Amino acid sequence: MILSISLWLLVAVLILWILLDPVSRISRAIFEVLIPLVNQKPIDLKNKFGEWAVVTGSTDGIGKAYAKELANRGFNLVLISRNAERLEKTKSEILTISSNIQIKLISADFSKGREVSVEIEPHLRDIPVGILVNNVGKQYTYPMYVGEVPEDELWDIINVNIGAATLMTRIVIPGMQKRQKGAIVNVSSGSELQPLPLMTVYAATKVYLRSFSEALRVEYNKFGITVQHLTPLFVNTKMNAFSHRLQVSTVAVPDATTYAKNAVATLGKIDSSTGYWAHGIQAFFTLIPPVWIRTKIGEMMNQTFRKDYLKQKNL
């Protein structure tokens, strides 16, 4: 009798253990969707974090749109990107919309590695950075097997996607700690939700950002520093130009401006989010199947995008 009860208890514990992870993941996804809808009261981000914001990868896509949204909220900006000409153009565009703010420019190529942080640090030394948006990223040219990806491209992906966020955080976080306020926004990718064949290295670097954000939050929460981890799914930007399917804006694939407006509105409300309500719903359904199924779906999806690119290239 006792043995029978013990076996049933063991079975019950095993079932609970098996179900706990997916239930936890799905619950978090639901929470991410509901919080921005329930709590729509805007937050005074300048008062909460400070008057200056730094945005990396700020001349295109999500970074540029995020910078514009912060400018609309009255933030002074430090824009960082590798192309000086495009930085000046972006500055002019933003000042046309928000003429009463200050904008500083830093031209830096994060693919060069550690030496870039040495160049950037003096420019930020006397600026009380309230928000750092680690947005700069490097994607595959198109879905490829690891053996096909040029070695230089692999190093660029690793240096930009991992090194830039880590080193930029290291530069600004002592000042935030001293002032007892600030926010680090790490822009990751939905590719982190499962291993992603044909974008293997890119997806792996985004898993690093998630782990980095979660640990950083625990380290610095007691100093009044907010660490937000954003996981956007597909956004209509040049980064996804390898497929025509991702170059048409829809509710599921928003343009960068729509995404950024929604993402900025979640800052200070939720620490981990897709940043956009429709992406939150997509993440909910994505997380229901076990990892092996998600991985297989990811492979099939990237095979389709790969064919799109190769067909377009051969036209």
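Brief remarks on what is shown
- Cα-based shape type of the stretch 106-216, given that a ≥ b ≥ c are square roots of the gyration tensor eigenvalues and the cut on a/c is 1.5: oblate
- FRET efficiency estimate (nearest 0.05) - Cβ-Cβ, GLN247 to ARG125, R0 30 angstrom: 0.15
- Packing order of peptides 81-88, 191-198, highest average first: 191-198, 81-88 (average count of other Cβ atoms within 10 Å over each peptide's residues).
- Residues of the stretch 165-198 falling in the label zone of ASP271, defined by backbone nitrogen less than 13 Å from a point 7 Å along Cα to beta-carbon, are 184.
- Förster radius 25 Å - calculated FRET efficiency between ASN72 and PHE223, Cβ distance, rounded to 0.05: 0.35
- Converting phi to 3J(HN,Hα) with the Karplus coefficients 6.51, -1.76 and 1.60 and the offset θ = phi - 60°, the stretch 217-234 yields 4, 5, 5, 10, 4, 5, 9, x, 9, 8, 10, 10, 10, 9, 10, x, 8, 5 Hz in sequence order, with x at every glycine or proline.
- Full-stretch length increase - VAL118, ILE97 - with 0.36 nm per residue and alpha-carbon distance subtracted: 4.3 nm
- Per-selection Rg to Rh, the stretch 41-88 - Cα, Kirkwood hydrodynamic radius: 1.02
- Cα gyration tensor shape for the stretch 203-279, rounded if a/c is under 1.5, else prolate or oblate: oblate
- Using the Cβ-Cβ distance between ILE288 and ASP109 with R0 set to 30 Å, the FRET efficiency from 1/(1 + (r/R0)^6) comes to roughly 0.15.
- With neighbours defined as other Cβ atoms within 10 Å of a residue's Cβ, the residues ILE297, ILE173, ILE184, ILE127 order from fewest to most as ILE297, ILE127, ILE173, ILE184.
- Burial ordering of PHE75, PHE242, fewest other beta-carbon atoms within 10 Å first: PHE242, PHE75
- The ranking of LEU9, LEU124, LEU70 by Cβ neighbour count inside 10 Å, starting from the fewest, reads LEU9, LEU124, LEU70.
- Shape call, the stretch 127-277: gyration tensor on alpha carbons, a/c limit 1.5: oblate
- C-alpha long axis of helix 165-179 to longest principal axis of the chain, angle in °: 70
- In the set [x] 34, 26, 19; [y] 34, 22, 16; [z] 32, 22, 21, the label that goes with semi-axes √(5λ) of the Cα gyration tensor in Å computed for this structure is [x].
Each value in this text was obtained by applying a stated rule to the coordinates, not by laboratory testing. On a predicted model such as this, the values are computed, not experimentally measured, just so you know. Every residue, glycine among them, receives a Cβ derived from its backbone with ideal geometry; neighbour counts consider all protein chains shown.
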